[in-house]
């Protein structure tokens with residue numbers, strides 16, 4: 001375990017920037033500020049300044065800064081890509097245009113397809129060919145590479161190189177990259193054998209092109225943040241959270257920005273899993289509701305679900321990541337009535353600028369405005385009063401954009417907006433649980449983000465969940481996840497072979513190369529990484545695989561064949577309800593994960609201060625169904641076990657709404673546990689049945 005050091009984590013969201021400092025003594029400081037979308041670095045430095053002022057430390061005292069970012073996600077959402085040129089094997093120039101037959105609706109003649117990241121005019125075919133076993137069939141034509149680079153010189157900001165079967169032998173791609181850099185100095189080049197060394201050429205081409213499209217902006221963003229920190233005296237390690245839930249050095253992240261697509265949400269999933277373990281909850285559904293969007297995920301047996309292929313802007317990407325599903329429902333999501341008279345909430349968002357109407361700038365109605373009208377949010381301000389609110393503007397916006405169109409009062413309109421947001425979040429949670437054969441009633445719901453605890457109990461009621469966890473710092477949980485995550489880098493390479501006829505010498509070479517890459521990427525030599533090995537297996541003839549854990553030390557030999565094949569057949573039976581006992585098994589992809597411990601996690605739950613004797617008040621509000629209610633309003637530090645709803649628990653980073661029929665069953669430094677009162681009678685699996 002790494003020795004204790006002063007470590008900072010900063011998660012930049014669309015509305016707020018959250019920061020946490022863990023000192024070498026194990027003391028935790030947190031700070032939250034509004035994001036600055038035009039220049040995210042301003043909010044990052046402001047948040048760190050707040051932490052340092054509270055702790056008495058200086059930038060020079062900090063050993064590491066870990067960052068969760070939305071830079072790649074925002075670029076995809078906005079289509080803000082760099083101009084990319086692409087070199088491909090001759091004959092595959094139309095790969096991005098043709099794509100595959102897979103689409104959401106195969107028989108919809110009016111459904112368009114996503115525009116390719118690289119226009120056809122900037123794709124150049126190069127004479128070269130490597131066979132599937134890595135043998136060179138056609139030598140690389142270096143003159144063609146140079147000519148293509150010169151033709152692209154005035155047209156591109158980055159270059160992607162995707163040659164057929166380069167994962168089997170990357171020599172041609174590497175040499176072509178050298179030639180392009182000679183012809184186009186200063187232009188970033190990315191190759192598929194580094195970004196996505198897997199078979200299936202279309203997802204590999206998309207992933208590589210997307211990485212190239214993100215390289216200039218993401219790299220510049222990371223370099224500017226790093227320079228700002230250095231200018232303030234920071235001399236430690238600058239790190240970023242990747243989509244797999246691991247932290248890597250900034251130098252690694254800037255070369256593969258496509259790995260940052262789920263950076264912030266992955267940190268939330270890491271935190272949810274660790275907090276669940278502290279509370280003895282192994283099966284959880286995560287609800288992270290921020291200012292712009294909500295992220296949901298399933299944590300099963302203490303681990304967030306993972307996936308190895310995803311979709312970005314309608315295109316497949318070959319990218320390992322935690323399986324986090326984002327939806328357009330957050331505190332800044334806009335509420336409006338469409339042309340058909342239907343009330344909509346999101347996905348459009350007010351974000352941090354201009355923000356909800358209550359911030360004093362916008363005229364549009366956001367979900368936060370609806371909560372203010374209902375009395376769920378303190379009209380005196382957010383962030384402990386540092387962000388003043390104008391509740392009269394919230395009411396005016398709800399009346400203008402919602403109530404007037406529906407012919408109802410402001411409270412009824414606000415309640416309808418909240419119910420729609422609740423429904424969208426509940427549906428998303430069903431997709432990641434019931435939609436995949438998992439009984440959501442087995443889970444506890446862990447809710448965080450600035451708005452998550454406002455919606456948690458209503459969503460739990462909808463789903464039949466009887467237990468809700470609200471972390472100690474809900475609005476900063478993803479930032480804390482950056483502190484909890486290990487240094488981690490995942491490598492993979494396709495090697496297709498009959499499982500019972502594997503060339504173990506060749507497999508050992510592949511595993512050894514992946515181990516070296518992972519070790520080099522993670523470390524400064526202070527600690528040797530731990531290494532684990534997974535294999536993607538399938539039945540012969542199948543077009544999909546299952547990933548099977550093999551060993552925690554990357555060992556694998558002939559004596560392991562029976563055990564691993566048995567594990568695969570059992571996993572296939574569990575996932576699909578059958579396992580062909582006589583069908584041979586194939587190896588498809590080799591995966592190695594290198595991990596380095598960063599920060600001891602014994603600080604979690606260390607806040608053991610006794611509840612304070614703070615005054616409470618009564619606030620008249622309305623439920624989302626439009627019924628008047630008198631809420632008990634308490635400070636989070638004054639909450640004790642046994643508190644029953646209706647109540648509002650206020651703290652600097654969020655408000656927790658406890659409705660009638662729910663009570664506080666546990667409260668400590670890890671968080672609050674809310675449970676439905678027995679008389680509510682919701683169906684729930686017994687505690688002992690959760691596994």
Three-way shape call for segment 78-218 based on the alpha-carbon gyration tensor, with the a/c threshold at 1.5 | oblate
Where both residues lie in the chain, what percent of DSSP beta bridges are antiparallel, nearest 5?
-> 70 percent
Label corresponding to P(r) over Cα pairs in 20 Å bins from 0, in percent when calculated from the structure given, among [x] 17, 49, 29, 4; [y] 17, 45, 29, 8, 0; [z] 16, 45, 33, 6, 0 | [x]
Give the Kirkwood hydrodynamic radius (Å, one decimal) of segment 242-385, defined as one over the mean of 1/r across all pairs of different Cα atoms.
-> 17.2 Å
Rounded to the nearest 5, the percent of antiparallel DSSP beta bridges in segment 1-260 equals 45 percent
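Pull out a ≥ b ≥ c, the square roots of the eigenvalues of the alpha-carbon gyration tensor of segment 333-420, then state rounded if a/c is under 1.5, prolate if not and a/b is larger than b/c, and oblate in the remaining case.
Values: a/c = 2.03, a/b = 1.57, b/c = 1.30.
Taking the square roots of the gyration eigenvalues as a ≥ b ≥ c, segment 333-420 is prolate.
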In whole percent, what relative contact order does the chain give with Cα contacts below 8 Å and a gap of six or more residues?
-> 13 percent
Segment 1-260 - Rg over Rh from alpha carbon coordinates, Kirkwood radius | 1.06
Based solely on its DSSP helices, what 222 nm [θ] is calculated for the chain when runs of n ≥ 4 H residues each add -39,500 (n - 2.57) and the sum is averaged over all residues, nearest 500 deg cm²/dmol?
-> -9000 deg cm²/dmol
Relative contact order for segment 1-260: what is it in percent, counting Cα pairs under 8 Å that are at least 6 residues apart?
-> 20 percent
Please work out the C-alpha center-to-center distance from segment 107-126 to segment 392-462 and express it in whole Å.
-> 37 Å
Starting from the coordinates of the alpha-carbon atoms of segment 187-316, obtain the Kirkwood hydrodynamic radius over all distinct pairs and give the value in Å to one decimal.
-> 16.5 Å
Rank by packing, highest mean first: peptides 267-278, 192-203, with packing defined as the count of other Cβ atoms within 10 Å averaged across residues.
-> 267-278, 192-203
Separation of segment 613-665 and segment 51-92 by C-alpha centroid, Å?
-> 38 Å
Tilt of helix 561-576 relative to the longest C-alpha principal axis of the chain, in degrees (0 to 90, nearest 10)?
-> 50 degrees
To the nearest 10 degrees, how steeply does helix 504-522 sit against the main Cα axis of the chain, on a 0 to 90 scale?
-> 50 degrees
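Each value in this text was obtained by applying a stated rule to the coordinates, not by laboratory testing. Note that the structure is predicted; figures quoted are calculated from it, not measured. Please note: Cβ atoms are built from the backbone with ideal geometry, for glycine as well, and neighbour counts cover all protein chains shown.
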